[in-house]
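Peer 1: Before I ask anything, let me first share the structure, which is written out below as structure tokens.
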Amino acid sequence: MRSLSLVLALLLAACQTDAVQQQTAALTLAPESMGLRQIQTRRFDTRDEGLILSATAGVLQDLGFTIEETAADSGLIVGSKDRAAIEAGQVAGQLFFAALVAALGGTANPIWDQTQKIRVSIVTKPSADNAAVTVRVTFQRVVWNNQGQVAHVETINEATLYQKFYDKLSQAAFLEAHQI
Amino acid sequence: MRSLRLRSTVPHILLLCLAMSGCVTDSKMEILATDKSQVELRALQTRAFDTTNKALTIRNVLATLQDLGFVVDKADEKLGTISATKLSGYAMRITVTVRPRGSAQMAVRASAQYNLVAVSDPQPYQQFFAALEKAMFLTAQQVD
């Protein structure tokens with residue numbers, strides 16, 4: 001019993017140092033951050049930051065986002081949308097597993113992703129020489145399962161998704177989006 | 001045999017209860033709870049930069065937060081406040097304020113929470129300001 005208390009104390013101490021490490025990691029520039037910046041950023045050859053901002057707001061509306069916050073002087077637009085997150089494969093797998101367990105006389109609680117909130121924030125910035133505007137967009141999402149619990153939270157890092165977003169933005173702004 | 005084991009277990013449970021009661025007496029206490037003194041927190045969360053350009057400082061904070069994987073939630077140029085969230089298996093929320101300090105500097109203060117706890121250790125903030133320094137091309141100076 002004494003050894004159990006000791007283990008518990010050690011575990012708690014380990015939790016403590018872990019927490020600081022995790023917090024530190026969360027605020028540390030990761031080696032991959034430069035790659036992500038490239039994926040998420042494009043340059044438009046215009047001095048008109050307002051044009052880019054309103055084109056962006058238009059694209060967000062096209063995509064069904066609700067605009068939650070704008071701070072035009074800082075070049076910021078924030079939006080979100082709530083959507084279904086059901087994936088047929090996952091549901092089928094869970095139901096199959098539950099049926100299998102039931103067949104063996106047990107009870108299983110099939111769990112699958114049900115809903116998601118997708119968040120987007122866009123920051124525009126005049127380039128150093130003031131000849132262009134750079135745009136950086138980031139998508140995140142929170143996914144809830146069919147029990148109403150948060151299943152996962154993540155930042156979207158897929159390059160193709162960002163590419164498609166910028167294709168739409170360059171069409172809306174009548175400007176070409178250049179890689180940085 | 002059973003009563004013997006019970007006799008040795010009960011004090012441990014009591015001890016555990018006591019230890020836990022030391023932590024949480026009333027969850028309303030969280031409303032005004034801090035892990036460090038106000039002076040300590042301000043010192044480790046604040047840095048000064050040799051610039052008077054508030055707008056540029058705000059834009060550099062936005063860029064740094066995006067580099068760190070945050071989605072910016074809100075910004076207010078007048079107040080100089082920026083709030084952002086990072087979701088990566090955990091949820092980190094951060095507020096950064098930018099305000100003039102004297103006539104030649106801007107003071108930047110960051111405060112964050114990680115899931116359900118306040119971030120009050122110096123290391124995470126050191127990393128944040130190290131990243132901000134790169135965006136600002138200026139040294140982040142400790143303030144007292």
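The values are calculated or read from the model by the stated rules, or taken from the named source; none is laboratory data. Values in this document were obtained by computation on a predicted structure and should not be read as measured data. Here the Cβ positions follow ideal geometry from the backbone for every residue, glycine too, while neighbour counts run over all protein chains shown.
Peer 1: So which residues in region B:121-144 are over 29 Å from B:Ser27 (Cβ atoms) and either away from chain A (no Cβ under 14 Å) or in a loop (DSSP other than H, G, I, E, B) (or both)?
Peer 2: Correct list: B:Phe137, B:Leu138, B:Thr139, B:Ala140, B:Gln141, B:Gln142, B:Val143, B:Asp144.
Peer 1: Suppose the filter is crowded, with 24+ Cβ neighbours inside 10 Å, more than 7 Å from chain A (Cβ to nearest Cβ) and either under 15 Å from A:Ala71 (Cβ atoms) or in contact with a helix residue (DSSP H, G or I) (Cβ under 8 Å, 6 or more places away or on another chain) (or both); does B:Val61 pass it?
Peer 2: Here the answer is yes, as B:Val61 does meet what is asked.
Peer 1: Given the condition surrounded by 13 or more Cβ atoms within 10 Å (Cβ to Cβ) and touching a residue at least 60 places away in the same chain (Cβ under 8 Å), answer yes or no: does some residue in region A:102-113 qualify?
Peer 2: Among the residues of region A:102-113, not one is surrounded by 13 or more Cβ atoms within 10 Å (Cβ to Cβ) and touching a residue at least 60 places away in the same chain (Cβ under 8 Å), which makes the answer no.
Peer 1: Could you say which residue among A:Leu95, A:Leu100, A:Leu60 is closer than 26 Å to A:Val137 by Cβ and not in a strand (DSSP E or B)?
Peer 2: Matching residue, one of A:Leu95, A:Leu100, A:Leu60: A:Leu60.
Peer 1: Is it fair to say B:Ala118 is buried (at least 18 other Cβ atoms within 10 Å of the Cβ) and in a strand (DSSP E or B)?
Peer 2: no
Peer 1: Among the helices (runs of 4 or more DSSP H) confined wholly to region B:1-105, which include 1 or more residues that are of a type in the set (S, T, N, Q), at pLDDT 90 or above and touching a strand residue (DSSP E or B) at 6+ places or on another chain (Cβ under 8 Å)?
Peer 2: Ranges flagged: B:38-45, B:54-67.
Peer 1: Collect the residues in region A:73-113 that are touching a helix residue (DSSP H, G or I) at 6+ places or on another chain (Cβ under 8 Å) and either of a type outside the set (A, V, I, L, M) or within 14 Å of chain B (Cβ to nearest Cβ) (or both), keeping them in residue-number order.
Peer 2: A:Asp73, A:Ser74, A:Gly75, A:Leu76, A:Ile77, A:Gly79, A:Thr107, A:Asn109, A:Pro110, A:Trp112, A:Asp113
Peer 1: A further question on this structure: Check B:Ala91, B:Ala107 and return the single one that is crowded, with 16+ Cβ neighbours inside 10 Å and more than 7 Å from chain A (Cβ to nearest Cβ).
Peer 2: Of the residues listed, the single one that is crowded, with 16+ Cβ neighbours inside 10 Å and more than 7 Å from chain A (Cβ to nearest Cβ) is B:Ala107.
Peer 1: Now a separate question. (1) facing chain A (nearest Cβ under 7 Å); (2) at positive phi: which one isn't true of B:Gly80, the others all being true?
Peer 2: For B:Gly80, the exception is condition (1).
Peer 1: Within region A:131-153, restricting attention to residues that are assigned to a strand (DSSP E or B) and more than 25 Å from A:Ser74 (Cα to Cα), which residue is farthest from the chain's Cα centre (by Cα)?
Peer 2: Across region A:131-153, the extreme among qualifying residues is A:Asn145.
Peer 1: Checking the conditions here, which among A:Ile52, A:Ile77, A:Ile122 is in a helix (DSSP H, G or I), β-branched (Val, Ile, Thr) and closer than 20 Å to B:Ile58 by Cα?
Peer 2: Just a single option satisfies the conditions, and that option is A:Ile52.
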